[in-house]
Amino acid sequence: MEAIVPHRGFGTKEQVIISGHVFKRYSQQEIDEKSSVWKNVWANFMRFYNQPATHCEVIIYMNNEQVKLQTDQNGYFEATIITAHEALGWHVYEAHVQSLGLSATCEYKVTDSYGTGVISDIDDTLLVSHSNLDFRKLLTYLRHNAHTRKPTEAMQTMLPMLKEYNNGLPVSDFFYVSNSEWNLYEFLLAFFDLNEIPKGVYLLKTLITHPVQFIFKQGRAEKRGHKYHEIHRLFRLYKNKQFVLIGDTAQHDVALFQNMVEQFENQVSAILLHQIKEKHGSKYFELKQLLKEKDIPLEVIKK
């Protein structure tokens with residue numbers, strides 16, 4: 001089945017960044033809490049067996065503007081649209097692929113350049129994934145669906161703490177930056193909704209288009225890869241905004257956050273870490289010392 005899957009966009013009153021994918025073959029099967037293990041395995045496997053529609057024209061309609069884009073070799077499109085908005089909050093844009101007879105709507109968040117936002121990891125920070133154990137991670141992914149995957153216990157502690165870093169007010173701007181691929185976008189939308197995790201924008205990794213890539217590449221972390229560049233982009237876009245950084249000790253979040261503090265110390269209001277294992281305490285010793293020097297709060301949740 002052909003499909004266009006626009007992603008939630010984000011930006012300021014002056015510019016908005018939107019993205020999405022177009023597919024010639026797209027498989028997203030309906031599953032629920034009663035689905036069998038085998039149905040989950042098949043549905044999750046097929047997420048990584050999509051065929052992108054390459055080099056086709058996508059027309060974006062937003063705020064009385066029309067923009068024409070081309071998909072790349074992964075069926076991906078992205079644009080920074082210069083357009084004026086008076087109101088903050090969620091808005092709607094349209095995406096059309098006339099050559100395939102496809103259209104869809106999606107939301108984007110216009111955020112001010114001040115106040116406090118949240119940049120959070122997903123795997124093992126909010127969603128139990130076992131990302132540092134390849135075989136267990138694979139089994140967890142294949143056997144379950146959005147209804148049966150579990151949020152971390154640490155999430156229940158971290159999210160209520162955010163008010164402390166926003167003058168006692170609820171935080172409304174959430175950016176979820178993950179090494180999970182765009183194949184999992186709709187799964188993540190469903191999981192976050194089912195578990196009442198705050199609505200936000202997702203910045204995921206390059207699409208996987210073949211099961212072999214899934215086996216060897218899925219969710220692989222890099223010290224200066226996708227997450228580094230996306231978080232760096234958010235700091236540069238919202239130059240006067242403070243951010244709470246949320247991550248875990250399983251992979252590279254500690255080194256990544258330390259790097260961001262060194263570059264953008266005036267924009268980091270706090271760091272919250274989910275300590276996966278007791279022995280991981282040594283992983284954030286240098287970060288702890290750095291934050292103490294900069295007078296930036298560090299909260300470590302050991303659950």
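The values are calculated or read from the model by the stated rules, or taken from the named source; none is laboratory data. Note that the coordinates shown come from a computational prediction; the quantities given were computed from them, not determined experimentally. Methodologically, a virtual Cβ is constructed for each residue, glycine included, from the backbone with ideal geometry; neighbour enumeration extends over all protein chains shown.
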Answer yes if at least one residue in the range 47-59 is assigned to a helix (DSSP H, G or I), on the phi < 0 side of the Ramachandran plot and buried (at least 17 other Cβ atoms within 10 Å of the Cβ), and no otherwise. no
Hey, any hits in the range 3-24 for a residue that's farther than 16 Å from E78 by Cβ, modelled with pLDDT under 85 and in a loop (DSSP other than H, G, I, E, B)? no
Might you let me know whether the range 161-174 holds any residue that is modelled with pLDDT under 95, of a type in the set (K, R) and either crowded, with 21+ Cβ neighbours inside 10 Å or outside the structural domain of I18 (by TED's automatic domain parsing) (or both)? yes
Of the conditions (1) closer than 27 Å to L256 by Cβ; (2) not assigned by TED's automatic domain parsing to the domain that holds T157, G101 fails just one. Which one is it? (1)
Looking at this structure, is W38 among the aromatic types (F, W, Y) and loosely packed, with under 15 Cβ neighbours inside 10 Å? yes
Just one of (1) in contact (Cβ under 8 Å) with a residue 60 or more places away in the chain; (2) part of a strand (DSSP E or B) trips up Q251, so point out which. (2)
Which count do you get for residues in the range 223-248 that are aliphatic (A, V, I, L, M), closer than 19 Å to L162 by Cα and either in a helix (DSSP H, G or I) or without any contact (Cβ under 8 Å) to a residue 60 or more places away in the chain (or both)? 2
I'd like to know if the range 77-96 contains one or more residues that are of a type in the set (F, W, Y), out of contact with any Pro (no Cβ under 9 Å at 6 or more places or on another chain) and exposed (fewer than 14 other Cβ atoms within 10 Å of the Cβ). yes
Among the residues of the range 260-274, write down those that are over 24 Å from Y114 (Cβ atoms) and without any contact (Cβ under 8 Å) to a residue 40 or more places away in the chain. L273
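Tell me, which strands (runs of 3 or more DSSP E) wholly within the range 80-121 include 2 or more residues that are free of Cβ contacts under 8 Å to residues at least 24 places away in the same chain?
The qualifying strands (runs of 3 or more DSSP E) are 89-97.
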Any hit, the range 132-139, residues being buried (at least 20 other Cβ atoms within 10 Å of the Cβ) and not assigned by TED's automatic domain parsing to the domain that holds E14: no
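Residues checked against (1) at pLDDT 85 or above; (2) in contact with a Lys or Arg (Cβ under 6 Å, 6 or more places away or on another chain); (3) surrounded by fewer than 15 Cβ atoms within 10 Å (Cβ to Cβ):
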residue: L204; (1), (2), (3): yes, no, no
residue: L207; (1), (2), (3): yes, no, no
residue: V212; (1), (2), (3): no, no, yes
residue: F216; (1), (2), (3): no, no, yes
residue: G219; (1), (2), (3): no, no, no
residue: H229; (1), (2), (3): yes, no, yes
residue: L234; (1), (2), (3): yes, no, no
residue: N240; (1), (2), (3): yes, no, yes
